[in-house]
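Notes for the one structure printed next.
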Protein chains: 2
Amino acid sequence: MRIAVLGGTGEIGEGFALHWAEKHHIRIGSRKVDKAEAAAERFNETLAIFGRKGDIQGFDNRTAAEEADVIILTIPYEHVSGVIDFVRPVLSDQNIVSPVVPMTRGEYFEYNTPARGSAAQEIQAMLPEGMNVVAAFHTVASRRLCSLDPAFQCDVMICGDDRRSKEVIIDLTNEIECLRPLDVGPLALASTIESLTPLLLNIAVLNHLKDPSIKVL
Amino acid sequence: MRIAVLGGTGEIGEGFALHWAEKHHIRIGSRKVDKAEAAAERFNETLAIFGRKGDIQGFDNRTAAEEADVIILTIPYEHVSGVIDFVRPVLSDQNIVSPVVPMTRGEYFEYNTPARGSAAQEIQAMLPEGMNVVAAFHTVASRRLCSLDPAFQCDVMICGDDRRSKEVIIDLTNEIECLRPLDVGPLALASTIESLTPLLLNIAVLNHLKDPSIKVL
């Protein structure tokens, strides 16, 4: 499978790349192609250190998206609409994954409910007819994911309206041994899982926990 | 400490009563005093089976609340305003705890955001000046709490604006060995933890998990 990780030059992009590179083609996207290429080279070096195979590649966001089967938007909420405008010409039938969280930091981290209910529903409304958003990966502690920390365990809460798209993402999540996918229902419920990110960040600060993640027991 | 559990004749009331009865005076409240007395008797019998001491008592909600230091509102959202109206004459300086969740069940469980942002903020607005609400215990799987299931572990997310009230509830939570209190910030953030209840219920149904609870790792 070809997986484009747009805005994927940071830790969360690296985490996905390291875990999926042996089995899939990972296409790191960035606004600047040289930044994406540098990140891909760095991730390939880390892969080698961990003794894993793979050939991660870097592209501008549109090129990364063009031949992908799955597009993951690891992009700050503020930039999502610009990135989608830029890649729109190459959007057709890719599965779109949104880990996007609209939040601000004042004294506390706070979820800012968008007019359509959630970032995922906003993104759905921006896409060409027939494409489907799956909301997922909001609570993955990226530093622990990309360190391949053997003690790391995290539940990935997933929602979406299209059964087939959701199953693609559930399967990809299952391929990462430290993650467990949990179906939480339709896209209309995305705000609840998006708001877990500021909740976890507040919990981390107030309770002195480092890189916390969520498990349902 | 005298702890009133209003609407406490069900499983969650029993769970609190069984865990706190050795150290505290538990006052089960109900709209009907005979229902509260019957529940208290049943809980005392269960205490004896588990070899724990205690003398749980049953009252109408107002009498239960009157001499309490802590009042826990284990009441469906729809009945909260009626119960607060009924107990208002005896409210003065008790710590009020809200595990209340405004939700409905259609095809999925759904959180219904109240006009003030959360049930806890609505309750705060109903109370006499100077009283403080702490929101807590929304994600405690009550059946597992009252079974004293040794494998049960659950994080209790707690928010509130008054430091002292919040610490009373954090300490009470710490006394229950299977629970860990986590401070999640001010009462303005209560909607996020209230919405975890319908999230967990959907997860339970969609992923065939029984009585799920949440842990932050």
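Rounded to the nearest whole Hz, the Karplus-based 3J(HN,Hα) values (6.51 cos²θ - 1.76 cosθ + 1.60, θ = phi - 60°) of region B:139-145 follow the sequence 10, 6, 6, 5, 4, 6, 5, with x at glycine and proline.
Separation of region B:168-217 and region B:15-82, taken as the distance between their Cα centroids, equals 22 angstrom. Expressed to the nearest 5 percent, the antiparallel share of DSSP beta bridges inside chain A is 15 percent. For region A:16-43, backbone nitrogen atoms closer than 13 Å to the point 7 Å from A:Asp171 Cα along Cα-to-C-beta are found at A:24.
At most 15 other Cβ atoms within 10 Å and a DSSP loop assignment: could you name the trypsin sites (Lys or Arg not before Pro) in region B:8-109 that fit?
B:Lys23, B:Lys32, B:Arg52, B:Lys53
Exposed loop sites are taken as GluC sites (Glu not before Pro) in a DSSP loop (any state but H, G, I, E or B) with at most 14 other beta carbon atoms within 10 Å; the longest stretch of chain B without one runs B:130-176. Of all the options B:His79, B:His24, B:His138, the one that moves most in a Gaussian network model of chain B with Cα springs shorter than 10 angstrom is B:His79. How high is the relative contact order of chain B, given as a whole-number percent (alpha carbon pairs under 8 Å, six or more residues apart)? Across chain B, relative contact order equals 18 percent. Measuring from the axis that maps chain A onto chain B, the chain A residue with the nearest beta carbon and its rounded distance in angstrom come out as A:Lys215, 2. Taking Cα centre as origin and charging only the Cβ of basic (Lys, Arg, +1) and acidic (Asp, Glu, -1) residues, the dipole magnitude of the protein assembly as shown rounds to 300 debye.
What is region A:98-179 by shape, rounded, prolate or oblate, if you read a ≥ b ≥ c off the alpha carbon gyration tensor as root eigenvalues and call it rounded for a/c under 1.5, prolate for a/b larger than b/c, and oblate otherwise? Because a/c hits 1.5 or more and a/b fails to exceed b/c, region A:98-179 counts as oblate. Remark: A:Leu73, B:Leu18 ranked as B:Leu18, A:Leu73, counting other beta-carbon atoms within 10 Å and listing the fewest first.
For B:Ile214, the residues 5 or more places off, or on other chains, whose built amide H falls under 5 Å of its own are A:Leu217, B:Asp155.
The residue list B:Ile169, B:Ile12, B:Phe59 was ranked by how far each Cα lies along the charge dipole of chain B toward its positive end, using unit charges on Cβ atoms, and B:Ile12 comes out on top. Applying the Karplus relation 6.51 cos²θ - 1.76 cosθ + 1.60 with θ = phi - 60° to region A:211-217 yields 3J(HN,Hα) values of 6, x, 9, 10, 10, 9, 10 Hz, where x marks Gly and Pro. Inter-chain neighbour count for B:154-160: the average number of beta-carbon atoms from partner chains within 10 Å of each residue's beta-carbon is 2.
Look at the stretch A:193-203: the mean tally of other chain Cβ atoms within 10 Å of its residues' Cβ atoms is 4. Projecting label points 7 angstrom from Cα along Cα→Cβ for A:Asp85 and B:Glu45 puts them 7.0 nm apart. To the nearest 0.05, what FRET efficiency results for A:Arg163 and B:Asp55 with a Förster distance of 56 Å applied to their C-beta separation? The calculated FRET efficiency here is 0.55.
Listed here are the pairs A:Lys215/B:Lys166; A:Lys32/A:Lys53; A:Lys210/B:Lys210; A:Lys210/B:Lys23; B:Lys35/B:Lys210; which of them are more than 31 Å apart at the Cα? Correct reply: A:Lys210/B:Lys23.
Rounded to the nearest 20, the Cβ-based charge dipole of region A:2-207 about its Cα centre (Lys and Arg +1, Asp and Glu -1) stands at 160 debye.
Please give the calculated 222 nm ellipticity per residue for chain A, where each DSSP H segment of at least 4 residues contributes -39500 (n - 2.57) and the sum is spread over every residue; nearest 500 deg cm²/dmol?
Numbers: 9 runs with 86 residues, N = 217.
Helices in chain A give a 222 nm mean residue ellipticity of -11500 deg cm²/dmol.
Taking square-rooted eigenvalues a ≥ b ≥ c of the alpha carbon gyration tensor, is chain B rounded, prolate or oblate, where a/c under 1.5 means rounded and, failing that, a/b exceeding b/c means prolate? Rounded shape, in that the Cα axes give a/c under 1.5. Oblate is the label for region B:170-211. Its Cα gyration tensor axes, ordered a ≥ b ≥ c, give a/c of at least 1.5 and b/c at or above a/b.
Every read-out reported here was derived from the displayed coordinates using simple, explicitly stated rules and does not represent laboratory data. Since we're looking at a predicted model, the values are computed, not measured. Virtual Cβ from ideal backbone geometry, glycine too; neighbours counted across all protein chains shown.
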